[in-house]
1. Output yes when any residue across segment 163-170 is closer than 16 Å to residue 70 by Cβ, outside the structural domain of residue 112 (by TED's automatic domain parsing) and of a type outside the set (Gly, Ala, Ser), and no when none is.
2. In segment 227-234, is there at least one residue being buried (at least 22 other Cβ atoms within 10 Å of the Cβ) and modelled with pLDDT of 95 or more?
3. Applying the selection to segment 167-189, what residues are in contact (Cβ under 8 Å) with a residue 60 or more places away in the chain and surrounded by fewer than 17 Cβ atoms within 10 Å (Cβ to Cβ)?
4. Assuming residue 214 fulfils every condition listed in (1) of a type in the set (S, T, N, Q); (2) out of contact with any Lys or Arg (no Cβ under 9 Å at 6 or more places or on another chain); (3) closer than 20 Å to residue 149 by Cβ apart from one, which condition is it?
5. When segment 218-230 is examined, which residues are found to be farther than 20 Å from residue 17 by Cβ and either without any contact (Cβ under 8 Å) to a residue 40 or more places away in the chain or hydrophobic (A, V, I, L, M, F, W, C) (or both)?
6. Going through segment 118-133 one residue at a time, which ones are outside any loop (DSSP other than H, G, I, E, B) and either of a type in the set (Val, Ile, Thr) or at pLDDT 95 or above (or both)?
7. Considering only residues of segment 190-208 that are surrounded by fewer than 24 Cβ atoms within 10 Å (Cβ to Cβ) and farther than 23 Å from residue 13 by Cβ, which is nearest to the chain's Cα centre (by Cα)?
8. Taking segment 130-141 as the region of interest, how many residues are within 26 Å of residue 73 (Cα to Cα) and crowded, with 22+ Cβ neighbours inside 10 Å?
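The values are calculated or read from the model by the stated rules, or taken from the named source; none is laboratory data. Here the structure is a predicted model, which is why all the values come from computation and not from measurement. In this analysis, Cβ positions are derived from the backbone assuming ideal geometry, glycine residues included, and neighbour counts consider all displayed protein chains.
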Amino acid sequence: MPDARHPTDPLPRLDTLGLRALVFDLDGVVTSTARLHFGAWKALFDAYLETRDGPGFAPFTEADYMTLVDGRPRYEGVAKFLASRGIELPHGSPNDAPEAETVCGLGNRKNIHFNHLLTTQGAEVFPSSVRLIERLKAKGLAMAVNSSSRNCQRVLETTGLLPLFDAVVDGVYADEHGLPGKPQPETFLAAARLVGAEPATAAVFEDAVAGVRSARAGGFRLVVGIDRGAGRQALLDGGADVVVTDLGEFNLD
């Protein structure tokens, strides 16, 4: 487990660590689509629970989002949340209709909610994250995205960020290649491999505890936690070497 950095300790300079590549989670790190994902999950689960339990149902909360679904593949997130409420459904198939009362059916229903929010509200980016990517890409570092979302490609295209990245590993790629999702390390390892980097020469940037655990299990040179709500200590306990609240805290001058 890495030592907890005191908040006043200087951050490491990313251009002096011998890194060849940086691997970024997307939601909550580069883009602020986490709010869209939370909204989509809440719309899904609140409607489902109200139908199942009646008007006195306990709603889906931000704490549920952070601890049970954030950073996980969609169907795994469905199963995790339902299990936390003592609900067990058949897994079903990814081809299930959104109306199906299966894990996959609910997951597909969540995707409809997310795409509606993405279309109507759009995705915002964190300018400081984009600046860091642009500055270090100009210094010759390779850039990759590792997102559990199957909507990753669409978000990158709609925000104009796709040209910044040399490789994208998302939920679609993971399914096609049979890779387990976070907190297992395989998707981060695949992203590094696609840009020709070993974990010992790559850094990972994550806002979810599951993602931090994934990167730590992969043996990456540096694991940076971005605290967008998961909590500094939770990210450190998960395996982050350092935790920041914004990537603008790194000195690139």
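1. Quick first cut of segment 163-170, residues closer than 16 Å to residue 70 by Cβ only: 170.
Within this subset, residues satisfying the condition of being outside the structural domain of residue 112 (by TED's automatic domain parsing) are 170.
If we keep only those that are of a type outside the set (Gly, Ala, Ser) too, we end up with 170.
Yes, because at least one residue in segment 163-170 is closer than 16 Å to residue 70 by Cβ, outside the structural domain of residue 112 (by TED's automatic domain parsing) and of a type outside the set (Gly, Ala, Ser).
2. The answer is no, given that none of the residues of segment 227-234 is buried (at least 22 other Cβ atoms within 10 Å of the Cβ) and modelled with pLDDT of 95 or more.
3. 175
4. The one condition residue 214 does not meet is (2).
5. Selection gives 227, 230.
6. Within segment 118-133, 119, 120, 125, 127, 128, 129, 130, 131, 132, 133 meet the criteria.
7. So, considering only residues that are surrounded by fewer than 24 Cβ atoms within 10 Å (Cβ to Cβ) and farther than 23 Å from residue 13 by Cβ, the one nearest to the chain's Cα centre (by Cα) is 190.
8. 0
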